[in-house]
Amino acid sequence: MVKRVFVPAAIALAAAACQTQQNQPQPDVWSANYNVPFDVMVACLAAPPTGAFQVYAPAYPEAGMARIVFIPANTPQARSEYVVLRMVGGVSQVSWKRFGSIRGLDWLDGEARKRANACGGT
């Protein structure tokens with residue numbers, strides 16, 4: 001009787017743990033503040049990129065926050081995005097996030113940082 005209850009319960013707990021891990025927010029790969037107004041930074045990061053990258057129109061999940069997907073055109077499964085926050089005094093905070101378990105994308109993190117630095121004037 002105990003085995004009949006324990007095995008399904010263990011399976012349900014394992015499935016719930018996997019679901020919870022997938023829904024947790026991903027940590028930032030990097031984050032930086034730029035002395036550029038929010039709207040200007042969002043427009044710059046959302047502008048069509050040169051090279052082999054794609055960018056999508058910004059999403060605004062809440063006031064003062066924009067999410068901008070930036071991915072390599074030949075690796076669309078490398079889901080990644082900028083998160084831009086409006087800070088005090090015309091400052092924008094830009095965070096870079098990657099999702100999933102694809103390894104070896106340090107070069108993508110570097111390209112994203114170069115793009116943000118160019119938009120931030122640094």
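A few comments on the model shown:
- Output for region 110-122, where each listed residue is farther than 18 Å from Ala57 by Cα and open to solvent by less than 20 Å² (accessible area, probe 1.4 Å): Gly120
- Among (1) surrounded by fewer than 16 Cβ atoms within 10 Å (Cβ to Cβ); (2) aromatic (Phe, Trp, Tyr); (3) at pLDDT 95 or above, the one test that Trp107 misses: (3)
- Considering the conditions (1) at pLDDT 95 or above; (2) part of a helix (DSSP H, G or I); (3) surrounded by fewer than 10 Cβ atoms within 10 Å (Cβ to Cβ); (4) not aliphatic (A, V, I, L, M), Gln22 is excluded by exactly one of them, (1).
- Strands (runs of 3 or more DSSP E) within region 64-112 that include 2 or more residues in contact (Cβ under 8 Å) with a residue 12 or more places away in the chain and among the charged types (D, E, K, R): 80-86, 92-98
- Odd one out for Trp96 among (1) of a type in the set (A, V, I, L, M, F, W, C); (2) more than 13 Å from Ser31 (Cα to Cα); (3) in contact with a helix residue (DSSP H, G or I) (Cβ under 7 Å, 6 or more places away or on another chain): (2)
- Filtering region 56-74 to residues that are crowded, with 17+ Cβ neighbours inside 10 Å and aliphatic (A, V, I, L, M) leaves Ala66, Ile68, Ile71.
- Residues in region 23-73 that are among the polar types (S, T, N, Q) and within 17 Å of Val91 (Cα to Cα): Ser31, Asn33, Asn35.
- Scanning region 75-90 for residues that are of a type in the set (Val, Ile, Thr), open to solvent by less than 30 Å² (accessible area, probe 1.4 Å) and out of contact with any Leu (no Cβ under 9 Å at 6 or more places or on another chain) turns up just one, Val83.
- Residue match in region 29-41 (condition: surrounded by 10 or more Cβ atoms within 10 Å (Cβ to Cβ), modelled with pLDDT under 95 and among the small types (Gly, Ala, Ser)): no
The values are calculated or read from the model by the stated rules, or taken from the named source; none is laboratory data. This structure is a prediction, so every number in the text was calculated from the model and none was measured. Don't worry about glycine lacking a Cβ; one is built from the backbone with ideal geometry, like all the others, and counts go over all protein chains shown. Side chains are part of the model used for accessible areas, which takes the heavy atoms of the whole protein and leaves out ligands, DNA and RNA. Shrake-Rupley method; radii C 1.70, N 1.55, O 1.52, S 1.80 Å.
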